[in-house]
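The values are calculated or read from the model by the stated rules, or taken from the named source; none is laboratory data. Since this is a predicted model, take the numbers as computed values, not measurements. Glycine also receives a Cβ, built like all others from the backbone with ideal geometry; neighbour counts cover every protein chain displayed. These area figures cover heavy atoms from the full protein model, side chains too; ligands, DNA and RNA do not enter into them. Shrake-Rupley method; radii C 1.70, N 1.55, O 1.52, S 1.80 Å.
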Amino acid sequence: CLLSTSSPCLSPMRGDYITVYRNHTNNNAPEKATMLSIWAKRDTRNHLIVYWVFSFVAIAIDEAFPLFCLSKEGGLGLTENEIGKLLSATGLIFALTQYHVYGWIVDKYGLSKSIHIGALLSTPLVLLIPFSLFFHIPQETDSTTDSNGTSNSSTLSWTAFLYLGILLSACRIFGLVFFSSITIATNRTVIPSHRGTMNGVSMLGGSCAKGLGPMFAGWLTASGISSGAFPPKIGSGVVFAVIGLCGSFTAAMTYTLLETNDDEELDSTINVENFHSLSTVDGTKNEASPSTVS
């Protein structure tokens, strides 16, 4: 009786198990994902909203900063060559440090808290960009002059160069921490078969946000620096203050909309995967046979 799986004393038990398992899998098969079904999930929807808002703010920074650098009245008045050197230095620091910083933050604080840290230490830091004007001592160049022979551009002082290089690198590094962590967390809010549709919705909204970001940054820069509503340098502060406040608002959203559960490292599909693992017992599939269902 204990050695034969087809004996009468074990047949009812195995047959009942297989019947219950098959009924459960048939009745609980995941439905086909749609945009509406993805949006109906509160946790998924909240993650997507935070991702989209952050994308909007991040692209606005990328558009507003070069305009600030080029502005001769309210900004640094740099040439394209000087801006390229600054962005190259920023990219080098980012490339050398982003992997180690992200790995350390996630290992030490977990995925959920890394989203908060990334949001807090990236876009809100742009509030500090206008302070570079205090470190910048214009050094006239002979590259461009106006009709009166006066210089129209200047080189960036080393103090301002280091200040902006470190500041922009921090914004980009912690922005990467946010984007990487929010992507992983959002994928964990849906079952594997729905992740393709969910990522499609995510990219759709992200593309719209990144399309609106340059429009917002251009309008804000023109209104703050060139409209005459503010003195040019004060207008520069207003521009980055508005963008920084938008970044701070996004950071606050990560605390109010996203659930923090660092103890749950596995995604929401673990129960489904564990249930399907019941289909194997002792390394063999539990398939119904006439001797076990009778």
- Task: Kindly rank 214-226, 238-250 from highest to lowest mean number of other beta carbons found within 10 Å of each residue.
- Result: 238-250, 214-226
- Message: Can you sort 137, 93 by solvent-accessible area, 1.4 Å probe, largest first?
- Response: 137, 93
- Just order 82-91, 45-54 by mean Cβ neighbour count inside 10 Å, highest at the front, would you? 45-54, 82-91
